[in-house]
1. Which percent of the accessible heavy-atom area of the chain goes to carbon and sulfur, probe 1.4 angstrom?
2. When only the heavy atoms of the protein chains count and the probe is 1.4 Å, how do Glu22, Glu91 rank by accessible area, highest first?
3. Taking K and R as +1 and D and E as -1, what net charge do the other residues with C-beta under 14 Å from the C-beta of Leu34 add up to?
4. Nearest 500 deg cm²/dmol is fine: what mean residue ellipticity at 222 nm does the chain get from its DSSP H runs of n ≥ 4 alone, each adding -39,500 (n - 2.57), divided by its residue count?
5. If you count only protein heavy atoms with a 1.4 Å probe, what accessible area per residue comes out for the chain, rounded to a whole Å²?
6. Helix 68-94 sits at what angle to the longest principal axis of the chain, using alpha carbons and giving 0 to 90 degrees rounded to 10?
7. If packing is taken as the mean number of other Cβ atoms within 10 Å per residue, what is the order of 43-52, 72-81, highest first?
8. Can you find, among Gly70, Gly6, Gly50, the residue farthest towards the positive end of the dipole of the chain? Put +1 on the C-beta of Lys and Arg, -1 on that of Asp and Glu.
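The values are calculated or read from the model by the stated rules, or taken from the named source; none is laboratory data. Since the model is a prediction, treat every value here as computed from it, not as a measurement. Methodologically, a virtual Cβ is constructed for each residue, glycine included, from the backbone with ideal geometry; neighbour enumeration extends over all protein chains shown. Surface accessibility is based on the protein's heavy atoms, side chains included, excluding ligands, DNA and RNA. Shrake-Rupley method; radii C 1.70, N 1.55, O 1.52, S 1.80 Å.
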Amino acid sequence: MLDLLGGKWTMPIVLALSAETEHFSKLCSCIPGLTPRMLSARLHQLMANGLVERQEEQPGCPHYRLTPDGQQLAMLIQPIETWVVAFSQKESKRHE
């Protein structure tokens, strides 16, 4: 589980799904640099670990959403994201 949480794309995917249920293509487009292949692999890992679930309201049009455990994880990640943004801004000003 720690390898999954430390993976490059796990936090951005969980944060993107924390706002709402998403289509695969929308998830891929809202996370810069994330390829469809990597998104697919990471979603499968997150589903296998019970953090994300796939729903098909229409055949061939899957949506992904966080499970209750995934929602708890998102609540832990959000303060980390806030800190990273604040730290990055502080570092940018320091190097100007």
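1. On the way: 3610 of 6400 Å².
Answer for the chain: carbon and sulfur cover 56 percent of the accessible area.
2. Values: Glu22 10, Glu91 40 Å².
Putting Glu22, Glu91 in descending order of accessible area: Glu91, Glu22.
3. On the way: positive: Lys8, Lys26, Arg37, Arg42; negative: Glu22.
Once all neighbours under 14 Å are counted, the net charge is +3.
4. On the way: 5 runs with 61 residues, N = 96.
The per-residue figure over the chain is -20000 deg cm²/dmol.
5. On the way: 6400 Å² over 96 residues.
Accessible surface, normalised per residue, equals 67 Å².
6. 30 degrees
7. On the way: 43-52: 17.5, 72-81: 13.9.
Output ranking for 43-52, 72-81: 43-52, 72-81.
8. With unit charges placed on the Cβ atoms, the residue in question is Gly6.
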